[in-house]
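All of the numbers you see were taken from the coordinates with simple rules; none came from a lab. None of these values were measured; they are calculated from a predicted model. Backbone-built Cβ (ideal geometry, glycine too); neighbour counts: all protein chains shown.
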Amino acid sequence: MGRYLERAEHLCRLLRLQVEALVDRPVREIHFGWNRIYLSLDRQPPGGSIELFGGDNYTLADSYTLADDLTFERFNPNSVWSCFALGRENARQMRHCISAEMWTCLNLAYLRLQTLSIQEIWRVSPENFYTETASELHTFVGVAAATMYRDEGWHFWQLGRFIERVQCVVALLLAHLAAGRQMEEFLDEDWISLLHLRQAVDAYNRSYSVDVQPDQVLDLLVTDPLLPGSLWQSLDATAEELDAIGPGPSAHSSAVARRLAGRLCALIRYDWPDREGREVLLRWVREDCRKLHEFVIAAYIDYPVEDSLLR
Amino acid sequence: MDFGTYDLEADIYDEMFLPDGTPRQHYRSLYETLSQLSAEEVGSIQERVTRSFSNEGITFTVYGDDEAEERVIPIDCVPRILSDGEWRQLETGLTQRLRALNRFLDDVYNEAGIIEDGVIPVDVVRGCPQYRLEMRGASVPHGTWVGICGTDLVRTNDGFRVLEDNLRVPSGVSYMIANRKAVKTSLRRLYRSSRVREVEHYGRVLLQTLQELAPYGRSDPCIVLLTPGVYNSAFYEHIFLAHEIGAELVEGRDLLVDDGFVYMRTTAGLRRVDVIYRRVDDDFLDPLVFRSDSLLGVPGLLHAYKRGNVALVNAPGTGVADDKSVYAYVPDMIRYYLGEEPLLDNVETYLCRRPEDLEYTLDNLESLVVKRVGESGGYGMLIGPHATPEAREAYAKQVRANPADFISQPVLPLSRAPCMIEGRAEPRHVDLRPFVLHGRQVRIVPGAFCRVALRRGSLVVNSSQGGGGKDLWVLRD
């Protein structure tokens with residue numbers, strides 16, 4: 001549940017900024033944005049590839065199709081609709097472990113989504129739709145914080161959210177760098193939009209200046225311990241949740257998982273390079289985070305029974 | 001709410017009105033309250049009640065040809081009411097019936113005195129597909145084979161009758177509580193003044209019952225609810241009940257048997273399980289004993305159960321007592337085991353395995369309901385008066401081919417209760433499923449899942465076939 005809903009929220013943020021860009025941004029920036037989104041999701045756009053050169057009308061029509069693919073497409077497991085449906089299905093299965101308020105909050109948001117379509121949201125204001133949907137997810141997180149008992153169910157939910165967040169951020173940063181390479185140059189606007197995507201514009205202005213420097217943008221999104229959703233903070237939170245959960249029945253697997261989480265924290269804290277090698281390190285993080293998920297499953301869910309009988 | 005066009009029929013008992021059209025004593029407050037409300041006001045109550053089910057995701061799953069569909073069970077906002085006297089009559093009758101059924105199960109899986117004494121033919125019991133040879137010689141705590149029973153009752157002008165005993169995995173109790181929650185908040189003033197008996201403590205009573213059925217010596221038993229999983233049509237109820245009794249909701253893959261004990265996998269390791277409130281059918285409980293292709297059960301579970309290391313509620317093999325053929329003998333069981341006359345009547349039943357009953361059934365198909373003994377949920381039956389001659393003939397062929405698979409009963413004029421249909425009060429047929437719990441003693445929460453056939457003239461109350469629910473209010477004396 002935690003992972004699906006975190007992904008839905010991340011996607012809403014990406015799409016809100018993307019459809020906002022349709023109002024007044026140049027075609028090149030819009031193309032850059034779509035490329036970045038699809039690369040970060042590791043998904044082929046419908047029709048194969050996004051045309052780089054087309055007029056305004058073509059760009060708008062294309063954007064409609066792409067937004068539909070990422071918002072309401074049932075067969076896209078990472079669309080907003082699918083993430084909601086799967087997150088709600090998970091919540092339904094563990095309804096007895098979450099609070100009644102959480103369930104009602106999530107179910108109402110899900111039911112609202114069922115009544116909408118791309119035609120409907122596009123006709124009025126797609127930005128509002130993504131803002132409202134993200135806001136419903138924020139409300140859900142707030143309701144959970146206020147009402148859910150802090151037992152292992154809570155910690156596993158949090159753990160899922162933070163692992164997903166790390167993966168979303170890393171995928172976005174790698175996609176941003178790859179999209180820039182495809183365009184053969186970065187514009188300041190690309191970096192500003194990246195800050196917007198991670199809700200980090202104000203933090204950047206405070207920490208640095210209004211003058212955007214690519215390295216500083218990456219530094220902020222990766223290593224700032226005060227920025228919500230920075231890799232530093234998300235990995236720290238992941239390690240804390242693992243500690244809170246405790247060793248579990250498979251002592252070996254849980255120790256491996258905790259060690260890996262600690263190593264990822266240390267990697268970001270102490271090994272984040274000044275310039276060269278950043279992309280390589282981000283790829284390591286992506287791969288290790290995937291492994292971390294597997295170790296967690298092996299340690300707490302799919303553990304060998306023999307380990308447990310010996311305890 | 002307009003009762004002006006509400007029609008009464010002499011041969012059908014109306015829950016709210018006497019034959020002369022005046023409301024029954026215990027319905028007067030409800031009648032007056034509803035009469036004072038405009039159609040819009042009642043419509044808004046109905047809408048609120050329906051929406052509350054949708055918002056809270058109180059659903060059941062219907063399986064179509066291609067995919068499963070999650071549906072909200074329709075609920076009518078007008079409650080059905082029983083007086084204290086009516087409820088007491090049901091309570092004593094249901095208690096008597098479940099005591100006899102438990103004695104019957106203990107007997108047929110052990111000494112089989114009822115068969116030896118010729119009260120029930122041996123082939124009716126041992127020929128029943130639900131009779132489990134594997135359970136012969138088993139003993140259960142307090143002689144309780146059936147800890148949770150949902151008995152379907154109907155009312156005619158002659159009084160209440162038992163339509164069916166559900167002794168395997170009876171469902172619907174969550175709707176009893178959900179209906180109450182939705183309706184009482186919509187009719188709050190009337191509810192407060194009506195002195196309605198509560199049902200919301202069902203979870204506590206169920207927990208107490210399950211604790212009493214734990215293996216000997218397990219004073220603080222670990223209880224789990226075993227569900228077939230999220231695709232089961234009653235999954236909402238499984239979650240609801242697990243929450244109500246504070247038990248873990250588990251699937252077969254979450255449990256394992258080691259050295260004759262059952263364990264649950266938890267994130268902290270294995271934990272011994274003492275009581276399993278199982279919502280999985282016998283066939284799928286243990287692939288080593290029953291269906292070997294079952295992925296829903298737990299290998300070795302029956303072995304642990306027969307060693308007395310875990311309690312299964314209800315016990316495997318209880319289906320033999322709610323078989324449609326065995327049903328006809330329940331009044332005889334009550335006389336045989338308890339030495340009492342049955343307090344609740346059965347519906348007159350013709351067993352097609354008997355030549356004279358077969359002949360009667362085939363001669364009177366147009367006035368009978370014919371049911372397959374192995375089917376439930378309103379499926380596989382013929383309602384003679386509503387069927388075409390061709391359908392009756394086709395069904396008769398099946399009956400002739402396998403008479404023992406069928407029983408027949410007269411079409412009962414089920415009682416009707418007012419429902420809110422398109423802003424007006426209209427009568428619809430209803431039944432009643434109270435839940436009887438049997439631990440050390442019998443306990444019944446004063447309420448029931450009241451089912452209603454929402455289609456005009458329909459007698460089928462099953463939610464999968466156009467039925468809905470109603471809240472049932474049992475009034476204090």
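Okay, here's what the table says:
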| quantity | calculated |
| --- | --- |
| Proxy reagent accessibility, fewest Cβ within 10 Å first, across A:1, B:1 | B:1, A:1 |
| Taking the convex hull of Cα positions in chain B, its mean projected area over all directions (nm²) | 23.5 nm² |
| Shielding of B:266-273 by partner chains, average beta-carbon count, 10 Å | 6 |
| Dimensions in Å of the range B:216-309 - Rg and Dmax from alpha carbons | 12.7, 36 |
| Efficiency of FRET between residue B:18 and residue A:259 - r from beta-carbon atoms, R0 51 angstrom, step 0.05 | 0.05 |
| Simple label model, 7 Å out from Cα along Cβ direction - residue B:343 to residue B:69, nm | 4.3 nm |
| Largest-first principal axis extents, alpha carbons of the protein assembly as shown, Å | 94, 67, 53 |
| Relative exposure of A:122, B:145, A:284, B:87, judged by other C-beta atoms within 10 Å (fewest first) | A:284, A:122, B:87, B:145 |
| Descending semi-axes in whole angstrom, ellipsoid equivalent of the range A:67-215, from the Cα gyration tensor | 31, 21, 15 |
| Distant-in-sequence amide H partners of residue B:78 (H built 1.01 Å from N, under 5 Å) | B:420 |
| Ranked packing of A:132-143, B:18-29, B:273-284, most packed first, by mean Cβ within 10 Å | B:273-284, A:132-143, B:18-29 |
| For chain A: Kirkwood Rh in Å [reciprocal of mean 1/r, alpha carbons] | 20.5 Å |
| Efficiency of FRET from Cβ geometry, residue A:28 and residue A:291, R₀ 45 Å, rounded to 0.05 | 0.75 |
| Whole-angstrom gap from the range B:99-170 to the range A:95-135, using each part's C-alpha centre | 49 Å |
| Lys/Arg +1, Asp/Glu -1 at C-beta; chain B dipole; positive extreme among B:241, B:31, B:230 | B:241 |
| Using alpha carbons only: equivalent-ellipsoid semi-axes of the range A:1-148, gyration tensor based, whole Å | 30, 14, 13 |
| Proximal lysines relative to residue B:324, as straight alpha-carbon distance under 21 Å, when same-chain residues fewer than 8 apart are discounted | B:371, B:397 |
| Equivalent-ellipsoid semi-axes of the range B:294-334, from the Cα gyration tensor, Å, largest first | 28, 13, 6 |
| Calculated FRET value between residue A:251 and residue A:151, using beta carbons and R₀ = 25 Å, to 0.05 | 0.75 |
| Nitroxide proxy distance, nm - points 7 Å out along Cα→Cβ at residue B:455 and residue B:394 | 1.6 nm |
| C-alpha long axis of helix A:2-24 to longest principal axis of chain A, angle in ° | 10 degrees |
| Computed [θ] at 222 nm, helices only, for chain A once each DSSP H run of length n ≥ 4 contributes -39500 (n - 2.57) | -24500 deg cm²/dmol |
| Residues in the range B:347-389 that a label on residue B:123 would reach, taking backbone N under 14 Å of a point 7 Å out along Cα→Cβ | B:351-358 |
| Neighbouring partner chain Cβ atoms per residue of A:292-303, average, 10 Å criterion | 1 |
| Nearest 10 degrees, 0 to 90: helix A:27-41 Cα axis against chain A principal axis | 20 degrees |
| Net length gained if the chain between residue A:124 and residue A:206 were fully extended (0.36 nm per residue, minus Cα distance) | 26.0 nm |
| All lysines inside 17 Å of residue B:181 as judged from Cα atoms, apart from same-chain residues fewer than 8 positions distant | B:470 |
| Relative contact order (%) - criterion: Cα under 8 Å, at least six apart; region: chain B | 24 percent |
| Whole-percent pair-distance distribution, where bins are 10 Å wide, for the alpha carbons of the range B:280-394 | 12, 28, 26, 24, 9, 1 |
| Shape of the range B:348-410, Cα gyration tensor, a/c cut at 1.5 | rounded |
| Label-point gap, in nm, between residue B:335 and residue B:193 - each point 7 angstrom along Cα→Cβ | 4.9 nm |
| Value of relative contact order over the range A:150-311, rounded to a whole percent, pairs C-alpha under 8 Å and six or more apart | 28 percent |
| Which of B:475, A:173 has the fewest Cβ neighbours within 10 Å, and the rest in rising order | B:475, A:173 |
| Stretch gain in nm, segment residue B:231-residue B:441, where the contour uses 0.36 nm per residue and the Cα spacing is subtracted | 72.2 nm |
| Taking the range A:225-280 and dividing mean pair separation by its residue count, relative contact order in percent (alpha carbons under 8 Å, at least six apart) | 34 percent |
